[in-house]
Amino acid sequence: MYVEVNNVTKEYATVRAVDQVSLVAKGGEILALLGPNGAGKSSLVRMMVGLTQPDSGQIVYRSAADQQPLTALPSTAFGYLPEDRGLYQERTVLDNLRYIARLRGVHKTTAEQSIQRWLDRFELTDRASEPMRQLSKGNQQKIQLIATLLHEPQVVMLDEPFSGLDPMNQEFVLSVLNDLRSTGTTVILSAHQMALVERMANKLVLMNKGAVIAQGSLAEVRQQLVQQQRLQVEFTQSVQAEQISILTSVIEAVPLSDTRFELTCDDQLAADKLLMQLQDIAPVAEFSPQRQALHDLYLQAVRAEVNS
Amino acid sequence: MKHWRQVIRIGGFEFRRFFKWKQELFSLVLIGALFGVTAGWGVLKTALEETHTVAVVAPVTLPELANIKWQPVSDTTTALTELGENYSGVLRVSASPEEGYGAELWAANSSGWQDRMQAQLQAWLQQQKLEALPLDASQIALLNDPVRVSITVQRGEEETSRSASKVIPMLILVSIMVGVFGSFGLMMTAITQEKQQRVTEQLLTIIRPPEWIDGKILGITLHCLKSMATVLLIIVLVSLLMMVIEGRPLDFPSINWTVLGSTTVFAIVGLVMINALMAGFAATIDDPNHSGRTAMMLIPALFVGAGFGVMDNLQGILAQILSWFPLTSFAVMPLRIADGSVSWWEVLGSLLLLLLMTYTIRSAAIRLFSMGITMYGKEPSWRMMGRAFIGRR
C-alpha cells in the first residue's frame with residue numbers, strides 16, 4: 001500500500017506544526033521521520049492515521065495492486081503505535097491483546113493464533129496471564145507493539161517506537177521492522193535515534209519546525225545535508241598548520257600531532273585535487289575522508305538554518 | 001451492523017472490566033455475614049452476658065428474667081452495703097393496691113441490663129395492677145389491646161394498606177439510586193482511567209467515538225442493572241430471613257408484573273440517559289483527583305432525589321410534572337405506576353419523551369466525548385463544552 005502526503009499543513013493556535021510537507025511511502029519500505037522535539041513528526045503521523053485533519057493539502061492511500069486511491073484507510077489496514085501510549089493496566093496481557101484484536105475485526109481463532117505467535121517471538125508467553133502493570137516498561141512497550149501488529153496490517157505507523165527501550169530491545173524491534181519490510185509492509189516511523197534509523201530506513205525525512213529539510217535515501221539525504229567535508233591527513237614529516245590552512249579549499253586545519261591534521265574543507269572540493277595540493281607541502285602517508293554521522297549532519301543543517 | 005458489533009464488543013469488555021467474580025462473591029458473603037451478625041446480635045449478647053444478682057425486697061415473687069438472678073433480702077439498707085460486691089443492684093418493689101405498683105433500683109453503675117429489666121418489670125407490674133382490679137378476663141384483654149389507627153387505600157377493586165403501598169416505590173427508588181451512583185463511579189473510572197493510561201489514542205484509530213460511547217453506555221448500564229438486581233435480591237433475602245427468625249408469616253407484597261415491567265423499562269432508559277451524560281462529561285475531566293468538575297457528576301443524583309421528594313404525594317401536581325419531565329421521569333414515573341395513579345397514555349407519553357431526551361443527550365455526549373477524550377493535561381473550557389453540547393464548532 002502507498003501512503004502519499006501532498007503539501008500538508010497543520011496549524012495549532014499560533015504554531016505551524018506541519019508546513020507544506022510532501023512524501024511518499026511504498027510497500028516494503030521503511031520511511032523514517034527524523035527530527036527534534038517539536039519538529040512536527042507526531043503531528044504528521046496523527047494526520048496520517050486520521051486522528052486530526054490537515055488544514056491544507058491531502059493524504060492519499062493507494063492500494064499496491066492498482067494504485068487506486070482509497071476513500072478512507074480501514075482500521076484493519078493499518079497499525080498505529082502512538083507516542084502517548086498505554087493499555088489497560090489492570091487487565092491481563094491476553095485480555096488487552098484479545099480486545100484490540102476483536103476491535104480490529106480479527107476472527108477469534110486467528111486472533112488467538114496471532115497473539116500466541118507474537119508472544120512467542122517476543123518471549124513473553126509466560127507473562128500472558130499477568131496484569132499489564134506487573135510488566136516492566138520495556139515489556140509493556142513490546143505488548144503495545146504486538147497490539148499494533150497482530151492483525152497483520154499493510155501499513156504500520158510507529159511514533160517513537162524506540163523510546164524507553166534498552167539497546168537490546170531496540171535491536172529486537174529493529175529486527176521486527178526489517179521483517180515487516182521484507183513481507184511488503186509499509187512502515188512509517190518517527191524517531192530521535194538517527195544512528196538506529198540510519199541502519200534500516202529506505203527513506204529518511206528530516207524535519208525541523210514543521211518543515212522538511214531533507215528527504216530521500218540515506219545517500220540522497222547526505223548529499224542534501226553535507227555542506228562541509230572532514231578529512232584526516234598524515235604527513236611523513238612535521239608540518240605547520242598554517243601551511244595547510246592557507247589553501248583556499250581548506251576552512252580549518254586542526255593539528256592532532258606534528259604530522260597529523262583534521263581538515264574541514266569546502267564540500268565542492270574534489271578530494272584528488274586537495275591531495276595534490278597537500279603533496280606539494282610534504283609527502284602524504286595517509287589521506288582519509290571522514291564519514292560524518294547523520295546526527296552530526298542534521299545538527300549542522302539545523303544550525304545553518306538558524307544562522308541564516 | 002458493524003456499529004452494533006463493535007458496541008457489543010466494547011460493552012462486553014467494559015462489563016468484564018468491572019465485574020470480578022471474586023469481588024462479587026466476597027461482597028455477597030460480607031453482606032450475608034453482616035446480616036447474620038446483626039440478626040443474631042441480640043441472641044449472642046444475651047448468651048455471652050454475665051448473670052447479674054439483684055437483691056430484692058418484694059411482697060411478691062418476681063418473674064424470671066434472662067441473665068438476672070433475684071436474691072430476696074429482708075431490708076435494702078443492709079443489701080446496699082454489699083452493692084457492687086455481692087449485688088449488681090438492689091431492688092425494692094411495691095405491688096399492692098394499698099402501696100401502689102412500682103419499683104426502685106439502686107445500681108453501682110449504669111449498664112444495659114438495667115434498661116431491659118426496667119421495661120420487662122414495668123410490663124409485669126402493669127399486668128399485676130390490672131389483675132388486682134375487679135375486672136373479668138375479657139375486660140383485661142380489652143385493656144391490654146392497644147388502640148390502632150390504620151389507613152387503607154381503596155382504588156377500584158384493589159385495596160392495600162398504605163404502609164404496604166410504600167414498600168414497592170421505596171424499593172424502586174433505592175435500586176435506581178444504586179444504579180445512578182454506580183453509573184457515576186464506573187463511568188468516571190472507565191473514561192478518566194483510559195485517559196490516564198493513554199489507551200485513548202490507539203483506540204480512536206480503531207473505533208469511532210459513537211461506537212466507543214455506545215459500548216461504554218452498554219457495559220456500564222449492564223453493570224448498574226446487575227448492582228440494582230443484587231441490592232433488590234439482598235433486600236428480599238434479608239427480609240425473608242428476618243421473617244423466619246422472628247417467626248412471622250412470610251408476608252410479601254404480591255408482584256405486579258405490569259409495574260415491574262414498566263419500572264424496568266424506565267430504569268433502563270433512565271440509566272442509559274444518565275450514562276450518556278456521564279460519559280460525555282467524564283471525557284472532559286483530565287484528572288478526577290484534581291478537577292473541580294468531578295462534583296458536577298453528582299447532578300444526576302438530584303434527578304433521583306426528586307423521586308424521594310414527591311413520594312408522600314404521588315397524586316400531586318408536582319409528582320405529575322416530574323413524572324413527565326424527561327430528566328426526572330425515570331425516577332418518578334415508576335413510583336406513580338406502582339402507586340396505581342397513572343393512566344397508560346401518560347406512561348407512554350412520558351416514555352417517549354424520555355427516549356427523545358436520551359437520544360439527544362447521547363448525541364451531545366458524543367460531541368463532548370470527541371472533543372475531550374484526547375485532551376491530556378488540560379480540560380476544555382465551559383464555553384467549549386457548551387458549544388460542543390449544542391453542536392456548534
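Here the contact order of region B:163-390, divided by its residue count and restricted to Cα pairs under 8 Å and six or more residues apart, works out to 29 percent. Overall dimensions of region B:1-155, expressed as equivalent-ellipsoid semi-axes from the Cα gyration tensor (√(5λ), whole Å, largest first), are 56, 28, 10.
Measuring how big region A:1-144 is from its alpha-carbon positions, Rg and Dmax come out at 17.8, 49 Å. As I understand it, the value is the acute angle between the Cα axis of helix B:299-310 and the longest principal axis of the Cα atoms of chain B; what does it come to in degrees, rounded to 10? With rounding to tens, the tilt is 50 degrees.
Ignoring ligands, DNA and RNA, what percent of the accessible area of chain B is carbon or sulfur (1.4 Å)?
63
Computed with every protein chain present, the accessible area of A:Asp19 is close to 50 Å² [probe 1.4 Å]. Helix B:329-339 axis versus longest C-alpha principal axis of chain B: approximately 40°, rounded to the nearest ten. The phi-based Karplus calculation (6.51 cos²θ - 1.76 cosθ + 1.60; θ = phi - 60°) puts the 3J(HN,Hα) values of region B:125-131 at 5, 4, 5, 4, 5, 5, 5 Hz, whole numbers, x for Gly and Pro. Taking all protein chains together, A:Phe235, B:Phe389, B:Phe18 sort by accessible area into B:Phe389, B:Phe18, A:Phe235, largest first [probe 1.4 Å]. Largest mean-square fluctuation among A:Ala25, A:Ala293, A:Ala101, in a Gaussian network model of chain A whose springs join Cα atoms under 10 Å apart, belongs to A:Ala293.
Close amide H pairs (under 5 Å, H built 1.01 Å from N) link B:Thr374 with no residue at least 5 positions away or on another chain.
Highest GNM mean-square fluctuation among B:Ile176, B:Ile206, B:Ile191, for chain B modelled with Cα contacts below 10 Å: B:Ile206.
Note that region B:256-271 has calculated 3J(HN,Hα) couplings of 9, 5, 5, 4, 4, x, 5, 4, 4, 4, 4, 5, 5, 5, x, 5 Hz, one per residue in order, obtained from phi through the Karplus relation 6.51 cos²θ - 1.76 cosθ + 1.60 (θ = phi - 60°); glycine and proline are x. Computed over region A:227-291, the convex hull of the alpha-carbon atoms projects to a mean area of 3.7 nm².
One decimal place: the segment B:Leu48-B:Ala123 gains 24.5 nm when fully extended, by the rule 0.36 nm per residue minus the C-alpha distance. Using alpha-carbon positions, what is the distance between the centroids of region A:44-97 and region B:15-93, in Å? Centre-to-centre (Cα) distance: 71 Å. Every pair of different Cα atoms in region A:135-230 enters the Kirkwood calculation, which places the hydrodynamic radius at 14.7 Å.
Positive-end ranking of B:Gln202, B:Gly179, B:Trp257 along the dipole of chain B, with charges on Cβ about the Cα centre, is headed by B:Gln202.
With Cα atoms defining each centre, region A:103-175 and region B:272-347 are spaced 45 Å apart in the structure. Kirkwood hydrodynamic radius computed over region B:1-72 comes to 17.8 Å, based on all pairs of distinct alpha carbons.
Only Cα pairs under 8 Å and 6+ residues apart enter the sum, and on that basis the relative contact order of chain A stands at 20 percent. Normalising the average separation of contacting C-alpha pairs (under 8 angstrom, six or more residues apart) by the number of residues puts the relative contact order of region B:247-343 at 31 percent.
Pairs of alpha carbons in region B:102-146 separated by more than 17 Å make up 46% of all such pairs. Peptide B:193-200 has a mean shielding of 5, counted as Cβ atoms of other protein chains within 10 Å of each residue's Cβ.
In the P(r) worked out for region B:274-331, what percent of Cα pairs fall beyond 12 Å?
Percent of Cα pairs beyond 12 Å in region B:274-331: 69.
GNM remark for chain A: springs join alpha carbons under 10 Å apart, and the peak mean-square fluctuation among A:Glu112, A:Glu160, A:Glu262 falls on A:Glu262. Around the Cα centre of region B:52-135, unit charges on the Cβ atoms of Lys, Arg, Asp and Glu (plus for the first two, minus for the last two) sum to a dipole of about 180 debye.
Ordered by solvent-accessible area of protein heavy atoms (1.4 Å probe), largest first, the residues A:Met168, A:Met1, B:Met177 come out as A:Met168, B:Met177, A:Met1. Accessible surface comparison of A:Leu294, B:Leu225, probe 1.4 Å, protein chains only, largest first: the order is B:Leu225, A:Leu294.
Annotation: amide H of A:Ser249 has no partner in the under-5 Å range at sequence separation 5 or more or interchain, hydrogens built in the peptide plane. Along region A:53-67 the Karplus relation, 6.51 cos²θ - 1.76 cosθ + 1.60 evaluated at θ = phi - 60°, assigns HN-Hα couplings of 10, x, 6, 8, x, 8, 10, 10, 10, 10, 6, 5, 5, 10, 6 Hz to successive residues, with x for each Gly and Pro.
Treating each Cα of region A:88-200 as one equal point scatterer and applying the Debye formula with no solvent, the log10 of I(q)/I(0) at q = 0.14 Å⁻¹ comes out as -0.56. Along its three principal directions, the equivalent ellipsoid of region B:52-135 from the Cα gyration tensor extends over semi-axes of 23, 14, 10 Å, largest first.
With the largest listed first and rounded to whole Å, the semi-axes of the equivalent ellipsoid of chain A from the Cα gyration tensor are 46, 23, 17. Taken about its Cα centre, the protein assembly as shown carries a charge dipole of roughly 2080 debye when the Cβ of each Lys and Arg holds +1 and the Cβ of each Asp and Glu holds -1. For chain B, the longest principal axis of the C-alpha atoms and the axis of helix B:2-18 are separated by about 30°. Between amide H atoms placed 1.01 Å from N, distances below 5 Å from B:Gln71 occur with B:Val54, B:Ala55, B:Val56, all of them 5 or more places distant or on a separate chain. Take the cross-link list A:Lys26/A:Lys108; A:Lys108/B:Lys216; B:Lys216/B:Lys378; A:Lys203/B:Lys2; A:Lys26/A:Lys137 and give me the ones stretching past 28 Å between alpha-carbons. Where the Cα-Cα span goes over 28 Å, the pairs concerned are A:Lys26/A:Lys108; A:Lys203/B:Lys2; A:Lys26/A:Lys137. The packing ranking, built from the mean of other Cβ atoms within 10 Å per residue, places the peptides B:6-17, B:327-338 in the order B:327-338, B:6-17, highest first.
In chain B, inverting the average of 1/r over every pair of distinct C-alpha atoms gives 26.2 Å as the Kirkwood radius.
The values are calculated or read from the model by the stated rules, or taken from the named source; none is laboratory data. A quick note: this is a predicted structure, and the numbers were derived from the prediction, not measured. Every residue, glycine among them, receives a Cβ derived from its backbone with ideal geometry; neighbour counts consider all protein chains shown. Note: areas computed on protein heavy atoms with side chains; ligands, DNA, RNA excluded. Shrake-Rupley method; radii C 1.70, N 1.55, O 1.52, S 1.80 Å.
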